[in-house]
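Undergrad: If you scroll down you'll find the structure; I have some questions about it.
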Amino acid sequence: MLLNRLLPAGLALFLAACSSATIPDVDVPQRRESYTGSLPPMRTFSTPRVAPTWRSNAQLAADFLELSFQMESGRRLPQFSRFEGPITVAVKGNAPASLPGDLSRLVQRLRNEAGINISLSKPGNPAPSITVQVVSKRELQRLVPQAACFVVPNVSSWGEFRKARRSRTVDWAALSERKQIAVFMPGDVSPQEVRDCLHEEIAQALGPLNDLYRLPDSVFNDDNFHTVLTGFDMLMLRVYYDPALRSGMERSQVASRLPGILSRVNPAGNRGGGAQGGYTPREWIDSIETALGPRARPATRLAAAKKAVNISKAQGWRDNRAAFSLYALGRLSLSAEPELSLASFLQASQLYRRNPETQIQAAHVAMQLAAFSLSAGQADGTIGLIDEVLPAVRRAENAALLSTLLLLKAEAYELMGRTDTAAKVRTEALGWARYGFGSDAVVRARVSEISALKPRGRTAVN
């Protein structure tokens, strides 16, 4: 297979350490020249292909309670809250051209898949339940530096948030019923980033406020491999708005009603198996956040990734948390310990691939391994790695990852001398790149950066 010939010098430029704890960015190398060819029209996704969750209702009930009665910080919420009655959504600010279509598609999915009475607000209607306020990325991060986007209760504009942000007005724990929520997001980012913010923040405006690293198939996970709402997420939201629940309930009241609700809305989950693998030690979370955060030095980040791997081993994990620890270690050890990097990616791949709920995670690892393979001149191996994961990437609607994989595949075809096939694959990749990465300049740089991985003056190695 690929094990012993995939450590070319210079690959560290492609697999640089990620720069954010919350965005598993698709890594790129550096190159002086940009691609100068023509760019096709932007591609977009159409019909969602959502897979149902595989977990039992007993596990789903435990997930629901932890998502609904705790904040990401670990702070407990004293009562259940949601919107009561019809929900409307409106947009303020300088919205990018892609936003209206993606928002309409999301609202339709929420109606169809989660059964929520939600619609877009029309001119002349009363104040919307959820206001999507578009601001510049610079302005947003001036107030909340680590956030790509965020959601706040009891305000409807950026100005209101600035005035109330240190007050009890915006305290989720003080909320007994949701009536007015604002989503703040940048408009000067790629179409995919805009869509991803819509999905995660509107979902949190409607329902769970917590993120759990142990969830393999959810946007409510700080690993952020999933960027659009999944079958699990829609089920959680359907339960949130079930008529058997209401705002103001305590945890014990909600817990007593969950078995009946889940049995009714998810009969496939009525099988054996209780809650498993719920607890994630704070020490592991802190290690992951240090490893993937922007503040620590490279050596500190690498040490934190190694610590996360050791904690996962001590916990006996074989789930997505163990795989994510290895994935982080693979990215952070590439420059200093390339053999450790490759071994970590391969172990992460094995863990992710064996679970049907972690196929998009497996695709992210496959992208890393395909970069190793292409740099080693192994064209067939590169194409094989990519073809195996493309269906999962298309289902997950991750245009940035999809375009990167297709660009790697195009370079592999070039290496084989199949230039016509390479051109066709590259054209599709560029269409997805315009959605995933945004500006033409970024797309052109992306093509050149991936092209830099291909060995020069060599033919493919079989």
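Undergrad: Among (1) out of contact with any Gly (no Cβ under 9 Å at 6 or more places or on another chain); (2) of a type outside the set (Asp, Glu); (3) not in a loop (DSSP other than H, G, I, E, B), there is one condition residue 192 misses while meeting the rest; what is its number?
TA: If we test residue 192 against (1) out of contact with any Gly (no Cβ under 9 Å at 6 or more places or on another chain); (2) of a type outside the set (Asp, Glu); (3) not in a loop (DSSP other than H, G, I, E, B), just (1) comes out false.
Undergrad: Going by what's in this entry, would residue 331 be described as charged (D, E, K, R) and either part of a helix (DSSP H, G or I) or in contact with a Leu (Cβ under 8 Å, 6 or more places away or on another chain) (or both)?
TA: Working: charged (D, E, K, R): yes; either part of a helix (DSSP H, G or I) or in contact with a Leu (Cβ under 8 Å, 6 or more places away or on another chain) (or both): yes.
Yes; evaluated as a whole, the condition is true for this residue.
Undergrad: Please go through region 93-112 and give me each residue that is surrounded by fewer than 14 Cβ atoms within 10 Å (Cβ to Cβ), within 23 Å of the chain's Cα centre (by Cα) and outside any helix (DSSP H, G or I), ordered by number.
TA: 97
Undergrad: If residue 158 satisfies all but one of (1) free of Cβ contacts under 8 Å to residues at least 24 places away in the same chain; (2) touching a Leu at 6+ places or on another chain (Cβ under 9 Å); (3) not charged (D, E, K, R), what's the number of the condition it fails?
TA: Among (1) free of Cβ contacts under 8 Å to residues at least 24 places away in the same chain; (2) touching a Leu at 6+ places or on another chain (Cβ under 9 Å); (3) not charged (D, E, K, R), residue 158 violates only (1).
Undergrad: Can you tell me which of 142, 166 is farther than 22 Å from residue 67 by Cβ, open to solvent by 10 Å² or more (accessible area, probe 1.4 Å), in a loop (DSSP other than H, G, I, E, B) and among the charged types (D, E, K, R)?
TA: 166
Undergrad: Oh, and also: With respect to residue 377, is the statement that it is surrounded by fewer than 24 Cβ atoms within 10 Å (Cβ to Cβ) and either under 20 Å from residue 450 (Cβ atoms) or in contact (Cβ under 8 Å) with a residue 40 or more places away in the chain (or both) true?
TA: On the way: surrounded by fewer than 24 Cβ atoms within 10 Å (Cβ to Cβ): yes; either under 20 Å from residue 450 (Cβ atoms) or in contact (Cβ under 8 Å) with a residue 40 or more places away in the chain (or both): yes.
So residue 377 passes the test.
Undergrad: Sticking with this one: Of 371, 392, which residue is farther than 14 Å from residue 409 by Cα and either assigned to a helix (DSSP H, G or I) or open to solvent by 10 Å² or more (accessible area, probe 1.4 Å) (or both)?
TA: Values: 371 fails: farther than 14 Å from residue 409 by Cα.
It is 392.
Undergrad: Among 99, 67, which is the only one that is out of contact with any Ser or Thr (no Cβ under 6 Å at 6 or more places or on another chain), within 30 Å of residue 434 (Cα to Cα) and in contact (Cβ under 8 Å) with a residue 40 or more places away in the chain?
TA: Only one candidate passes the filter, namely 99.
Undergrad: Is it true that residue 90 is surrounded by fewer than 19 Cβ atoms within 10 Å (Cβ to Cβ) and in a loop (DSSP other than H, G, I, E, B)?
TA: no
The values are calculated or read from the model by the stated rules, or taken from the named source; none is laboratory data. Worth saying up front: this structure is predicted, and the values here are computed from it rather than measured. Don't worry about glycine lacking a Cβ; one is built from the backbone with ideal geometry, like all the others, and counts go over all protein chains shown. Side chains are part of the model used for accessible areas, which takes the heavy atoms of the whole protein and leaves out ligands, DNA and RNA. Shrake-Rupley method; radii C 1.70, N 1.55, O 1.52, S 1.80 Å.
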